[in-house]
Amino acid sequence: MDATATAASRPPGTPEGWPASPVARALYDVLRANPDTRAAVAHRLGLNPSEVDAMEHLMGAPIGPVELSRRLHMTSASATALVDRLEEAGHVVREPDANDGRRRLVRPTPQGARAVYAQIGPMVADLVSAEDGMTQAERDTVLAYLRRVVDVLERHAGHPTPG
């Protein structure tokens, strides 16, 4: 790649010699757009961004408040207040853990899950449509790259991927 293409692909304000490529720049643009998208989803759901982050973690499987606080990098008191707000809004419920009667789990209510899916469904459909016109080889290449990106991001977050 020539120096002009590399310089043009550097994020604004980065120093001379910053590692850059058009693909990395496109990924940077995706990552930069993500907080705005999350904020818009939060606004449409009547939630704040932390509450949307919590719902994202809870959509996979019920988890305890302490685990939720770890995943959100907040104190257990802050996580408890967040769960209280989500519960009051009807988005989550607390229930006993079937394996440990002393422990409570937090899970989305059917109403909470429907609200989240209603907001992200159109975006997911558009993302799937963005693949239109791609060959299977192109899809395989993008998929391989994105899996490597996830590995890099998780490694830098201190969460090595299994396997």
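Determine if region 76-94 includes at least one residue that is over 21 Å from the mean Cα position of the chain (by Cα) and on the phi > 0 side of the Ramachandran plot. Yes, region 76-94 has at least one match. Does ARG70 meet the test of being without any contact (Cβ under 8 Å) to a residue 24 or more places away in the chain, in the same structural domain as GLU56 (by TED's automatic domain parsing) and surrounded by 12 or more Cβ atoms within 10 Å (Cβ to Cβ)? Yes; evaluated as a whole, the condition is true for this residue. Do the conditions hold for ARG114, that is, is it surrounded by fewer than 16 Cβ atoms within 10 Å (Cβ to Cβ) and either more than 24 Å from THR37 (Cβ to Cβ) or assigned by TED's automatic domain parsing to the domain that holds ALA157 (or both)? Criteria not met by ARG114. Any chance region 26-36 includes a residue that's out of contact with any Lys or Arg (no Cβ under 9 Å at 6 or more places or on another chain), in a helix (DSSP H, G or I), in contact (Cβ under 8 Å) with a residue 60 or more places away in the chain and under 27 Å from HIS159 (Cα atoms)? Yes, region 26-36 contains a residue that is out of contact with any Lys or Arg (no Cβ under 9 Å at 6 or more places or on another chain), in a helix (DSSP H, G or I), in contact (Cβ under 8 Å) with a residue 60 or more places away in the chain and under 27 Å from HIS159 (Cα atoms). Within region 61-107, count every residue that is over 23 Å from GLY158 (Cβ atoms) and assigned to a helix (DSSP H, G or I). So the count comes out to 9. For PRO19, the criteria (1) farther than 23 Å from GLY158 by Cα; (2) assigned to a loop (DSSP other than H, G, I, E, B); (3) not aromatic (Phe, Trp, Tyr) hold in every case but one, which is (1).
Quick one: count up the residues across region 92-123 that are touching a strand residue (DSSP E or B) at 6+ places or on another chain (Cβ under 8 Å) and either without any contact (Cβ under 8 Å) to a residue 40 or more places away in the chain or of a type in the set (Val, Ile, Thr) (or both). Within region 92-123, residues that are touching a strand residue (DSSP E or B) at 6+ places or on another chain (Cβ under 8 Å) and either without any contact (Cβ under 8 Å) to a residue 40 or more places away in the chain or of a type in the set (Val, Ile, Thr) (or both) number 10.
Can you tell which of MET123, MET134 is within 30 Å of SER69 (Cβ to Cβ) and either modelled with pLDDT of 95 or more or part of a helix (DSSP H, G or I) (or both)?
MET123
Checked against (1) more than 15 Å from the chain's Cα centre (by Cα); (2) surrounded by fewer than 10 Cβ atoms within 10 Å (Cβ to Cβ), MET134 meets all criteria but (2). Taking the condition more than 16 Å from the chain's Cα centre (by Cα), closer than 26 Å to ARG44 by Cβ and assigned to a helix (DSSP H, G or I), does ARG139 pass? No: the conditions fail for ARG139.
The values are calculated or read from the model by the stated rules, or taken from the named source; none is laboratory data. Since we're looking at a predicted model, the values are computed, not measured. Counting neighbours? That spans all protein chains shown, and the Cβs are built from the backbone with ideal geometry, glycine included.
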